[in-house]
1. Might you let me know whether segment 184-192 holds any residue that is under 20 Å from residue 128 (Cα atoms) and without any contact (Cβ under 8 Å) to a residue 24 or more places away in the chain?
2. Failed condition for residue 7, given (1) at pLDDT 60 or above; (2) touching a strand residue (DSSP E or B) at 6+ places or on another chain (Cβ under 7 Å), with all others met?
């Protein structure tokens, strides 16, 4: 990734920094700054388009296929971060990306109480929300995906459920993950509650968005039987890493 974003002339410099994101204590911010030729404002987004080459750029930029930056941004997105560039012609470029900082075990452990373990399973709900291309721009609320996130959070019960940090976002869609101590019936109730509240929302309802909710159940032994915590966390991580798409629009009720 660093080889894709850093371009410095002979005798120039590339500076790499990593820190906690000043705007979000739960994310890391990585910056790669070079002393190259810089980018015009109209190229700030276009450099992330597949096969795009900056007109009049250095010869080195034409050695590849124009896929490095798009792939880099996609990798960052899949890990729940975002990637962008800050640049001016003749003043070099700074590419920045964020990655979430969180411990899945620390988030899930409070749910694994003896009482909750009697439910026999941990339900993992994936809520995929996408904005409609056909939604009238003049009526589109400011942040439909943020509104959908708030709906999901409001539908959960803190003593039994946890909404994992937001990951997998792009400009028009986002995937939310909920871990819930619930059996199949309880998971179905929670999924139905989220679906109904999304449908009733004026900010992210069917006029503006469509969505899909899927559920995976992981067996949990009752209290008194050893829980393989490491294996459980691996299963949760695999669930987060898997990627699906919202294939069809949800019909309004």
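The values are calculated or read from the model by the stated rules, or taken from the named source; none is laboratory data. These figures come from a predicted structure and were not determined experimentally. Glycine gets a Cβ as well: all are built from the backbone with ideal geometry, and neighbour counts include every protein chain shown.
1. yes
2. (1)
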